């Protein structure tokens, strides 16, 4: 990170900072004169504006709750749901949220986003798991089930998709017939 490099002076850091910014971030520091003294001020302005952990946590939790609900069986949509959940959980974990203790909540949230068929299959799968009375289903159990389900749906689609018909251009046929 440029900010922590001791081999660069403040004006060089300011130059790198300005060249890396666009849009609203650039607007925040656009009024600052390009000088060594203003580099730290620019850095602090950007930190105050964009490094708001509470807002970041809120946005990632909101993204989890606003994940799209699957209307029908779709391997692509199942994978997209998995990716969305994992991306936001990783971000929340990096913000020191105790996501490793959220399995029950996240499982419930994901299951409410599933299509009816996938939800029914999950409930069957969960019932077939050999869990003790006090054992809890883990998020990884659901994610593994969903990955397998997406693979299965891909396989079914591949097995039932019609091969593309080979069509011949009429000009090719004419040329072929002319050569006889």
Legend entry - Potential extension, residue 27-residue 41 segment - 0.36 nm per residue separation minus Cα distance: 3.6 nm
Inset, instruction - Just need the Rg to Rh number for the range 53-160, please, alpha carbons only, Kirkwood Rh. - result: 1.00
Legend entry - Zone residues, the range 59-81, relative to residue 144, backbone N less than 11 Å from point 7 Å out along Cα-to-Cβ: none
Inset, instruction - Could you work out, for the chain, what percent of all Cα-Cα pairs fall into each 10 Å distance bin, beginning at 0 Å and stopping at the bin that holds the largest distance? - result: 8, 23, 18, 15, 15, 13, 7, 3, 0
Inset, instruction - Would you please give the FRET efficiency between residue 128 and residue 156, computed as 1/(1 + (r/R0)^6) with r the Cβ-Cβ distance and R0 = 22 Å, to the nearest 0.05? - result: 0.60
Inset, instruction - Would you mind calculating the gained length between residue 102 and residue 49 on full extension (0.36 nm times residue separation, minus the Cα-Cα distance), in nm to one decimal? - result: 16.2 nm
Inset, instruction - Note the angle between two axes, namely the Cα long axis of helix 36-50 and the longest principal axis of the Cα atoms of the chain, as a number of degrees from 0 to 90, rounded to the nearest 10. - result: 40 degrees
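All of the numbers you see were taken from the coordinates with simple rules; none came from a lab. Predicted, not measured: the structure shown is a model, and the values here were computed from it. Every residue, glycine among them, receives a Cβ derived from its backbone with ideal geometry; neighbour counts consider all protein chains shown.
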